Amino acid sequence: MMDRIADIWGPRTPHAKGTVWPARVDLHLTDGVSEDEVDRWVQSACVLCSNGCGCEIAVKGGRMVGIRGRATDVVNHGRLGPKGLYGSTPWASSPDRLTRPLVREAGRLVETDWGTAMGRVVEVSKRLLADKGPLTHGFYTTGQMFIEEYYALGVIGKAGLGTPHMDGNTRLCTATSAAAFKESFGADGQPGSYTDIEHCDAIFLYGHNMAETQTVLWMRVLDRTRAADPPTVVCVDPRRTPVALEAERTGGVHLAPRVGTNLALMNGLTRELFVNGWVDERWVDAHTLGVADLRATVEPYTPREVARTCGIDADDLRRAARIFGRSRDVLSTVLQGFYQSHQATASAVAVHNLHLLRGLIGRPGSGILQMNGQPTAQNNRECGADGDLPGFRNWDNPRHVRELADLWNVDPLTIPHWAPPTNAMQIFDYAEEGSIGLLWIAATNPAVSMPESARIRRILGGDRCFVVVQDLFLTETARLADVVLPAAGWGEKTGTFTNVNRTVHLSEKAVDPPGEARSDLDIFLSYAAAMDFRDKEGAPLITWRTPEEVFDAWREATRGRPVDYTGLSYTRLRGPTGIPWPVNDQAPDGTDRLYTDAVFPTATDECETYGHDLLTGAAVTEQEHRALRPDGRAFLKGAHHTPAHEEPGEDYPLLYTTGRTAYQFHTRTKTGRSRSLRDAAPDAWVELSVSDAADLGISEGDVVRVESPRGAIQVKARVGQVVAGAVFAPFHYGSWDLDDADPHRHSGQANELTMTVWDPVSKQPCFKTAACRVVKVRDGDGPAPAPTTAASAPAGDGVPPTAGGAPTTTRHVDTPHYPNDPAAGTSGSAPVDTAAGGR
């Protein structure tokens with residue numbers, strides 16, 4: 001038995017390069033239930049990060065009572081992380097679940113029946129459509145629903161209502177991933193695979209604290225770096241994370257650039273490939289466009305200039321570039337440190353440039369994973385609920401629009417495609433000014449997660465927009481709604497979803513939702529039926545009744561597109577493992593990695609976008625794109641570094657950046673109701689460097705006030721691992737607290753300070769580059785509530801170690817055969833370190 005709060009990653013199973021990752025099954029049961037007392041185990045995959053670990057839900061007496069990993073699943077080989085183990089099931093039986101609809105009467109939310117609640121939504125919807133048309137409707141969703149729900153909503157919004165105002169909180173976490181893929185390769189979709197970890201010689205992690213954001217994937221990395229032939233790790237992060245420590249341990253490099261200077265760093269790395277002759281010029285000439293322009297763009301970024309701009313050592317830059325330039329196979333991963341920072345898309349595209357210049361793509365060990373922040377963010381992008389057209393179609397391509405119009409049997413003019421889809425930042429602008437009169441928010445909590453959160457609360461609580469919220473609990477956002485619809489959660493409904501490396505899982509219903517709660521799909525279909533949407537022949541637009549019927553319709557929407565699901569079915573997904581798309585006649589068992597033939601979906605008639613200028617966001621026209629004749633070649637694109645929107649100054653001398661902890665997910669709607677996870681990271685904090693804390697007279701645990709031009713928070717300080725000049729805050733904490741629910745408490749809500757500015761291409765907001773100041777309020781009465789186990793570890797001694805997780809079980813098992821694994825023909829056996837932690 002192990003405490004997986006104290007030991008986040010569990011015991012090591014090191015193995016040699018090119019061999020299969022050994023299997024290990026992690027299990028946790030609640031309420032004193034033993035394995036032999038479980039009534040049944042129900043197939044699913046974990047939804048508490050973007051890794052998508054295959055698992056089984058334990059059911060006893062009609063309740064979810066635990067979880068175990070599936071050894072046969074290609075994603076996790078049986079492992080689960082602390083959030084999956086401790087946070088997957090406790091929320092489901094929490095006493096504050098929403099069980100009946102609520103409507104606002106005389107300023108208060110009161111319980112009602114479904115007919116009254118949906119009737120009110122439909123009445124407002126029909127009135128707005130009659131008075132002003134479909135542009136009055138906006139939808140803001142999530143990265144946590146299922147394919148079936150996203151696709152149903154996409155059809156409702158695009159073919160039923162005809163509104164372009166659809167987006168998800170994927171705009172906050174993964175929009176840059178999608179944008180960067182489109183700019184470089186012509187379409188969305190992860191080129192790489194998790195199996196690249198087993199085959200690479202070096203791993204570069206750009207703004208990606210994998211050790212906390214994808215804990216099981218980090219276990220996979222550790223099982224290679226702790227072997228006799230480890231890959232070299234290079235970490236780009238302003239904090240000294242576990243990733244940075246592993247970089248130092250493997251002989252790699254930790255590059256800690258000044259916040260907001262990522263693109264200057266990437267341009268410097270790119271220039272080093274050119275000047276040292278580490279470019280595969282024959283491959284580049286055959287398979288890319290734009291190399292001359294890229295070379296000219298990066299030429300000014302010498303190691304000395306990059307060191308001055310980024311605050312790093314020039315020799316460290318040279319060493320990192322040498323590792324990339326001389327390693328046979330390199331895996332790169334990217335996350336919020338790039339996506340949510342200044343010049344996000346340009347920085348993410350620069351990662352692609354490095355791989356393209358060396359031809360390191362489409363083969364085992366040489367992959368790119370522009371990671372997602374949420375479990376089903378990929379599906380929001382695929383299905384069109386985020387504003388894009390379903391199936392990675394180009395809204396600016398009339399043929400693509402006609403394909404959908406024929407599929408749905410509607411007039412092509414019904415489908416909004418006259419302008420780019422409306423991003424989330426614009427949607428809230430339109431709600432603020434009143435042009436969007438109905439804003440429907442599903443399974444997300446923008447009152448905490450959106451930037452400049454005081455402004456978001458004013459919009460949601462104002463009288464210019466009718467707000468509908470469907471969720472599991474009365475979140476900070478739901479408290480401000482006009483109608484609240486109780487939803488079923490994971491394990492209480494059936495559906496499919498796709499993880500970071502394109503692996504599709506089926507999650508089966510394990511238990512009934514409480515009270516009158518309904519699945520998101522049932523809610524959307526109920527609205528569609530009440531609105532009586534019709535196709536161009538007058539027949540009902542939507543005839544589906546079950547999740548499987550929606551999935552079958554979704555498969556047809558993907559036919560012939562890069563995101564091809566046509567070879568998948570519920571029957572196939574009830575097998576031993578998830579399956580990575582595309583799955584079709586050419587790839588009946590799925591596809592481990594894309595672009596093995598170095599042919600990219602960039603042809604003008606095929607691509608998902610014609611592209612943009614990375615500096616300004618200006619769109620490339622169809623004629624300009626066609627004139628380039630990409631014909632399956634990837635684009636090399638660059639841009640010059642510019643200063644961030646808000647630079648430190650006399651009044652606000654520090655840079656404020658936000659992020660995550662291993663023990664909480666998003667705004668804690670689920671994980672905050674797990675006692676083990678709450679105890680590990682119970683409340684908000686900020687982190688200061690040792691030098692900044694000394695200059696400000698701040699010690700560990702002191703109460704400080706952190707202020708920006710937009711707002712302030714008051715929390716305890718952790719004197720820790722962040723680079724000098726920066727202040728780090730976790731974004732998970734809003735006003736909600738299970739023990740003291742006060743809707744007016746915002747003392748630790750990190751997004752009080754962040755800016756309403758966004759990247760010109762991906763439209764992802766910049767959470768990482770606000771100017772701030774820190775003032776000591778009073779001496780502390782104990783250490784900060786920050787965990788000690790990972791990146792938030794204190795710089796000094798005397799802070800009690802984070803521990804106290806309920807016991808979990810770890811079993812080492814024979815390693816199964818995994819389809820599509822390049823090492824599947826070799827032995828997966830390896831020495832097993834069963835000591836707790838094993839590190």
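The values are calculated or read from the model by the stated rules, or taken from the named source; none is laboratory data. Keep in mind that what you see is a predicted model, and the values were worked out from it rather than measured. With ideal geometry, Cβ positions are generated from the backbone for all residues, glycine too; neighbour counts draw on all protein chains shown.
Here is a check on your reading of the model: is ALA117 among the small types (Gly, Ala, Ser) and exposed (fewer than 15 other Cβ atoms within 10 Å of the Cβ)? Write out each step before concluding.
Details: among the small types (Gly, Ala, Ser): yes; exposed (fewer than 15 other Cβ atoms within 10 Å of the Cβ): no.
Taking the combined requirement at face value, the residue does not satisfy it.
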Residues that are at pLDDT 95 or above and farther than 30 Å from TYR301 by Cα: find the strands (runs of 3 or more DSSP E) completely inside region 630-713 holding 2 or more of those.
685-688, 703-707
Going by the structure shown, is ILE542 β-branched (Val, Ile, Thr), within 22 Å of ARG127 (Cβ to Cβ) and part of a loop (DSSP other than H, G, I, E, B)?
yes
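So, of the residues in region 647-659 that are touching a residue at least 40 places away in the same chain (Cβ under 8 Å) and more than 25 Å from the chain's Cα centre (by Cα), which turns out to be farthest from VAL349 (Cα to Cα)? Don't jump to the end; show me each part of the working.
Step one: of region 647-659, the residues touching a residue at least 40 places away in the same chain (Cβ under 8 Å) are 647-649, 651-659.
Filter once more, keeping what is more than 25 Å from the chain's Cα centre (by Cα): 647-649, 651-654.
Details: GLU647: 24, PRO648: 27, GLY649: 30, ASP651: 34, TYR652: 31, PRO653: 30, LEU654: 28 Å.
For region 647-659, the residue satisfying everything is ASP651.
What about VAL761, is it more than 30 Å from GLY611 (Cβ to Cβ) and not assigned by TED's automatic domain parsing to the domain that holds THR215? Before the answer, list the steps.
Numbers: more than 30 Å from GLY611 (Cβ to Cβ): no; not assigned by TED's automatic domain parsing to the domain that holds THR215: yes.
So VAL761 does not fit the description; no.
Does GLY367 satisfy the criteria of being surrounded by 24 or more Cβ atoms within 10 Å (Cβ to Cβ) and outside the structural domain of GLY495 (by TED's automatic domain parsing)?
Working: surrounded by 24 or more Cβ atoms within 10 Å (Cβ to Cβ): yes; outside the structural domain of GLY495 (by TED's automatic domain parsing): yes.
It is true that GLY367 is surrounded by 24 or more Cβ atoms within 10 Å (Cβ to Cβ) and outside the structural domain of GLY495 (by TED's automatic domain parsing).
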Taking first residues from region 603-624 that are touching a residue at least 24 places away in the same chain (Cβ under 8 Å) and closer than 22 Å to GLY189 by Cβ and second residues anywhere that are outside any loop (DSSP other than H, G, I, E, B) and of a type in the set (Ser, Thr, Tyr), the pairs with Cβ under 7 Å that are 6 or more apart or on different chains are LEU614/THR345
In region 774-793, anything in contact with a helix residue (DSSP H, G or I) (Cβ under 9 Å, 6 or more places away or on another chain) and farther than 23 Å from PRO82 by Cβ is listed as VAL774, VAL775, LYS776
Any residue that is in contact (Cβ under 8 Å) with a residue 12 or more places away in the chain and in a strand (DSSP E or B) - is there at least one of those in region 70-80?
no
Can you list the helices (runs of 4 or more DSSP H) lying wholly within region 246-358 that have 3 or more residues being buried (at least 20 other Cβ atoms within 10 Å of the Cβ), more than 24 Å from the chain's Cα centre (by Cα) and at pLDDT 95 or above?
262-275, 291-298, 303-310, 314-326, 344-358
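Considering region 81-118 alone, what residues qualify as being among the polar types (S, T, N, Q) and part of a loop (DSSP other than H, G, I, E, B)?
Once the filter is applied, which keeps residues that are among the polar types (S, T, N, Q) and part of a loop (DSSP other than H, G, I, E, B), region 81-118 yields SER88, THR89, SER94, THR99, THR112.
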In region 398-422, what residues are outside any loop (DSSP other than H, G, I, E, B) and closer than 12 Å to GLY162 by Cβ?
ALA405, TRP408, PRO412, LEU413, THR414
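Listed residues PRO420, PRO446; which is surrounded by 23 or more Cβ atoms within 10 Å (Cβ to Cβ) and either touching a strand residue (DSSP E or B) at 6+ places or on another chain (Cβ under 7 Å) or touching a residue at least 40 places away in the same chain (Cβ under 8 Å) (or both)? Step through it out loud before you land on a result.
On the way: PRO420 fails: surrounded by 23 or more Cβ atoms within 10 Å (Cβ to Cβ).
After applying the criteria, what remains is PRO446.
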Restrict the check to region 103-112 and report whether at least one residue is in contact with a Ser or Thr (Cβ under 7 Å, 6 or more places away or on another chain) and over 30 Å from LEU506 (Cβ atoms).
yes
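Can you confirm whether region 135-158 contains a residue that is aliphatic (A, V, I, L, M) and touching a Gly at 6+ places or on another chain (Cβ under 6 Å)?
Initially, region 135-158 is screened for residues aliphatic (A, V, I, L, M), giving 135, 145, 147, 152-153, 155-156.
Retained after the next criterion (residues that are touching a Gly at 6+ places or on another chain (Cβ under 6 Å)): none.
No, region 135-158 has no match at all.
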